[in-house]
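Shown next, in structure tokens, is the structure this report addresses.
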Amino acid sequence: MNVLTDDEIAFFKTNGYLILRGALDPEGCSRARDMLWASLPDGTRIRRDDPSTHVGPFADSDTNDDVQDLREGYRWQLRRVGTDPQLLDLVFCDRLVAAAEALLGAGTLRAPVVHGMPMGTQGAAWPGGPVDPALGTEGVRGIYCTLPYGEHRPDRLGCHTDGHPFNLGIVGLIGDVPPDGGAFQVWPGSHRRLYPTFLMQYDQPRIPYYDHLPSYKGILHTPEYEAELARVIEDTEPVDCCGEAGDVVLWHHRLAHAAGHNHTDVMRQAVLYDFTKTDLDDCRRDPPQDEMWRDWSEALRASEGTYPAAMDRTQRPALA
């Protein structure tokens, strides 16, 4: 099954992302929403049937610091369901597998493990730190939500790249997300600019956590990366990947991105998953290649990266 056109492959190659409309099964999206709300304990202030209670931040009584069911501030990240068969069926479906293989190569994908280890099983990467999506994760990252900000007005949105090894990410909307509603934000073309600034093409060096040496821990970036990321933030307008339930964003592993600010009255609900190839461990430590598409499909390598101008509008939904 080839579900991507030559123009879509070209758009992804040039911009580092591609939006697929209606790629997720509607009933599967509904089940994922049910799963999210069923995870709440009795007596929470936030209630599914009352949108006025969805405005953040979470009340102290609703806050939970368990990394597999994190509710804190304006973020709700349900990870413990990450290997539930219904959630895996939603993201590792025929259409998305075919789309991923059109970009990465047929028969190259590592399948998720039903009832395997969900993200966060091994805890945070360091005390008080984030969860490493590659550490023991055998399914989706989880269901990630951003509560409406209400009167809160945060600083200018920044962006980052992910440090763990994977090949292709997806963000799938399981509920409608209007413009400025906290949708996934991407900085087009940043993957081509940032890729050569890494020491390894898929992985990154990490500084361990030491109690007696607290000044630095976590991902180690090169000065070249820091400088180029600052230029990307300055000269590139991000794309707000808003849309309807079932829409999916495919994105390159070195693309600058962020979870958007939610200035609407609708909670953003999405499922995140990383496609990885079976040979990732063999090549994750390789340095960035002169041909950055070495490990991708023949169709993508052959693409010249040109596409009709009309695609720019369809792939920038907030402008449509």
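FYI, it's all coordinate maths here, none of it is from the lab. Everything quoted here is computed from the prediction, not taken from an experiment. Note that we place each Cβ from the backbone using ideal geometry, even for glycine, and neighbour counts take in every protein chain shown.
From Cα coordinates alone, what are the radius of gyration and Dmax values for the stretch 135-231 in angstrom?
Computed over the Cα atoms of the stretch 135-231, radius of gyration and Dmax are 16.5, 47 Å.
Can you give me the distance in nm between label points at ALA227 and ALA38, each placed 7 Å from the Cα along the Cα-to-Cβ direction?
Distance between the two pseudo-spin positions: 5.3 nm.
What does a probe at TRP126 reach in the stretch 50-76, counting residues whose amide N is under 19 Å from the point 7 Å along Cα→Cβ?
The answer is 67, whose backbone nitrogens lie closer than 19 Å to the label point.
Over the alpha-carbon set of the stretch 48-140, work out the extent along each principal axis and list the three values in angstrom, largest first.
48, 34, 23
Report Rg/Rh for the stretch 6-319, rounded to two decimals, where Rg is the Cα radius of gyration and Rh the Kirkwood radius.
0.94
Considering the chain as a Gaussian network with a 10 Å cut-off on Cα pairs, which listed residue, PRO188, PRO57, PRO130, attains the greatest mean-square fluctuation?
PRO130
Please report, to two decimal places, log10 I(q)/I(0) for the stretch 54-93 at q = 0.15, 0.20, 0.30 Å⁻¹ as given by the Debye formula with identical point scatterers on the Cα atoms and no solvent.
Cα-only, vacuum Debye calculation for the stretch 54-93: -0.45, -0.64, -0.91.
Hey, in the GNM for the chain with a 10 angstrom Cα cutoff, which one of ALA124, ALA38, ALA98 fluctuates hardest?
ALA38
Dividing the Cα convex hull volume of the stretch 71-219 by residue count, how many Å³ per residue is that?
That works out to 164 Å³ per residue.
Would you please classify the overall shape of the stretch 1-54 from the alpha carbon gyration tensor, given that a ≥ b ≥ c denote the square roots of the eigenvalues, rounded means a/c under 1.5, and beyond that prolate means a/b larger than b/c while oblate covers the rest? Write out the running numbers ahead of the final one.
On the way: a/c = 4.33, a/b = 2.71, b/c = 1.60.
The shape class here is prolate.
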